[in-house]
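The values are calculated or read from the model by the stated rules, or taken from the named source; none is laboratory data. Treat the numbers as computed from the prediction; the structure is a model and nothing was measured. Cβ coordinates were reconstructed from backbone atoms using ideal geometry, including for glycine residues, and neighbour counts include every protein chain displayed.
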């Protein structure tokens, strides 16, 4: 029933700086359930790549072990929360055993659990989740967690953790670290009625286009990997992780053709620049 693909690629900035890839992802499929996580080790920390790998493996492993087809909603959410605690505790023990400062092991963590057509999730940091609903809408599920200076709240900020059940039925779910995630929410459309870059989300998530049940997960993964590797540096130079989970039994409804159109970027930029000028120089518009 469930198909999935996941890609983690080292960013060009990290390649140029001779830094390891600090992103990680993991996927576990079991019958009519799928468990996935993405994590982004914070770039200035020495061992954040270790932390991100531990976070995704511990969280998905715990959820896959404990959640069953009979689990109730509160049990599922509690298990996801427990997986976050286990991940953070495991990272802290690793730092202690290696004799390193725990502050060098900062990472984000975002987890998705899908049972049939229902999405449950846990979230910490500035990665995130997008859902394709049965209505055919692409919707943001989580919000990026950053302070007023744009610093990320890493996993050890337990008071920032968010757990929930998505209110709509889903056909497909995308998890991504911030480099890829922000490509789906360009600054020019963030205040528009449709604030998701639908054409791009459809390319990654819609099984009508992917045909993953026909061509197979490996083929789709290679195609999407090639696409991600060819994203220009000017657009994304950070590490890049995307995981897509698809319920092949569920098919989303289609929206009107206009919903899928490529945005008029020139007009959107003009509106954005004008609004910026109004805010920066209000006296010019009096």
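Brief remarks on what is shown
- Among residues of region 44-79, those that are touching a residue at least 60 places away in the same chain (Cβ under 8 Å) and touching a helix residue (DSSP H, G or I) at 6+ places or on another chain (Cβ under 6 Å), counted: 4
- Region 119-133, subset under 10 Å from the mean Cα position of the chain (by Cα) and not in a strand (DSSP E or B), residue farthest from residue 159 (Cα to Cα): 127
Each row is one residue, and each column tells you yes or no for (1) in a strand (DSSP E or B); (2) modelled with pLDDT under 90.
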{"site": "8", "(1), (2)": "yes, no"}
{"site": "14", "(1), (2)": "no, yes"}
{"site": "18", "(1), (2)": "no, yes"}
{"site": "21", "(1), (2)": "no, no"}
{"site": "25", "(1), (2)": "yes, no"}
{"site": "28", "(1), (2)": "yes, no"}
{"site": "35", "(1), (2)": "yes, no"}
{"site": "39", "(1), (2)": "yes, no"}
{"site": "43", "(1), (2)": "no, yes"}
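- Considered as a group, the residues in region 47-72 that are in a helix (DSSP H, G or I) and more than 22 Å from the chain's Cα centre (by Cα) include one that is surrounded by the fewest Cβ atoms within 10 Å (Cβ to Cβ), and that residue is 65.
- All conditions in (1) over 20 Å from residue 84 (Cβ atoms); (2) in contact with a helix residue (DSSP H, G or I) (Cβ under 9 Å, 6 or more places away or on another chain) hold for residue 32, with the sole exception of (2).
- Of residues in region 100-116 being assigned to a loop (DSSP other than H, G, I, E, B) and either at pLDDT 95 or above or out of contact with any strand residue (DSSP E or B) (no Cβ under 9 Å at 6 or more places or on another chain) (or both), the one surrounded by the fewest Cβ atoms within 10 Å (Cβ to Cβ): 101
- Candidates 141, 173: the one that is buried (at least 18 other Cβ atoms within 10 Å of the Cβ), under 15 Å from the mean Cα position of the chain (by Cα) and without any contact (Cβ under 8 Å) to a residue 60 or more places away in the chain is 141.
- Residue 79 vs. criteria more than 18 Å from residue 38 (Cβ to Cβ) and buried (at least 18 other Cβ atoms within 10 Å of the Cβ): yes
- Cross-chain or 6+ apart pairs with Cβ under 9 Å, region 85-99 first and free of Cβ contacts under 8 Å to residues at least 40 places away in the same chain and on the phi > 0 side of the Ramachandran plot, then surrounded by fewer than 16 Cβ atoms within 10 Å (Cβ to Cβ) and outside any helix (DSSP H, G or I): none
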